[in-house]
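To start, the structure itself, in structure tokens.
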Amino acid sequence: MRARGSWILSFALALALSLSGAAMAADFLGPESCKGCHPAAYDAWMQSKHARAGDSLSEAQQKDARCLSCHAPDQASQGVGHVTCETCHGGGQYYSPNYVMKDAELARLVGLVDPSEKACRNCHDASSPSLKPFNFVESLKAIDHWSAARTGKSARAETPSPEPVKKK
């Protein structure tokens, strides 16, 4: 059993290293693919302005690259007309399988992104047409979809735990 586990880890590490650049260009699977394992996060996203970002644009703005760069940043490459889970967390093609998501380090190696203030400020900056300045700390609270307080569960409740090893 140990040899098999080592082989899987070695394979995953080799895959991660070979795909490190490609993982950032991974295909999107869509927010519905996240919903099965992360229902509370999906519901929080559905209630957010990000889920309707493309809808807030006028017909003319929907053709303006300056508007689309924030309201539908993945439309050209992925055909996605809003700001989705994968806009912030990276395309899920390589990290979405359950066996990968059970290993946080592996998931990050193959493309799962932990968004930062810098990533948010790509769109929420001084030049964005907003009536009030962007406050990262307050905005983070508004999109919280990961904390135990938001989900009403323990932080690990959404991630299925591995099956216990049966002794012979």
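The values are calculated or read from the model by the stated rules, or taken from the named source; none is laboratory data. As the structure is a computational prediction, the values presented were derived from the model and not from experiment. With ideal geometry, Cβ positions are generated from the backbone for all residues, glycine too; neighbour counts draw on all protein chains shown. In case anyone asks, the SASA skips ligands and DNA or RNA and just uses the protein heavy atoms, side chains included. Shrake-Rupley method; radii C 1.70, N 1.55, O 1.52, S 1.80 Å.
Rolled with a 1.4 Å probe across the full set of protein chains, the surface gives residue 138 an accessible area near 100 Å². Sequence-ordered 3J(HN,Hα) estimates for region 112-124 from the Karplus curve with 6.51, -1.76 and 1.60 and θ = phi - 60° stand at 5, 9, 9, x, 10, 4, 4, 5, 5, 6, 4, 10, 8 Hz, glycine and proline given as x. Rolling a 1.4 Å probe over the protein heavy atoms leaves residue 42 with an accessible area of roughly 20 Å². Semi-axis lengths, largest first, of the ellipsoid equivalent to region 65-149 are 25, 18, 10 Å, with √(5λ) applied to each eigenvalue of the Cα gyration tensor. Sorting 73-85, 53-65 by their mean Cβ neighbour count within 10 Å, with the most densely packed peptide first, gives 73-85, 53-65.
Packing-wise, with mean Cβ within 10 Å as the measure, how do 29-35, 139-145 rank, highest first?
On the way: 29-35: 16.3, 139-145: 14.0.
Output ranking for 29-35, 139-145: 29-35, 139-145.
In order along region 80-91, phi translates into HN-Hα couplings of 9, x, 8, 9, 10, 3, 6, 4, 8, 9, x, x Hz, rounded to whole numbers, per the Karplus curve 6.51 cos²θ - 1.76 cosθ + 1.60 with θ = phi - 60° and x for Gly and Pro.
Residues whose amide H comes within less than 5 Å of that of residue 90, counting only those at least five positions distant or on another chain, are 113 (H built at 1.01 Å from N in the peptide plane).
Between the residues 29, 40, 56, the greatest Cα displacement towards the positive end of the dipole of region 27-120, with unit charges on the Cβ of Lys, Arg, Asp and Glu, is found for 56.
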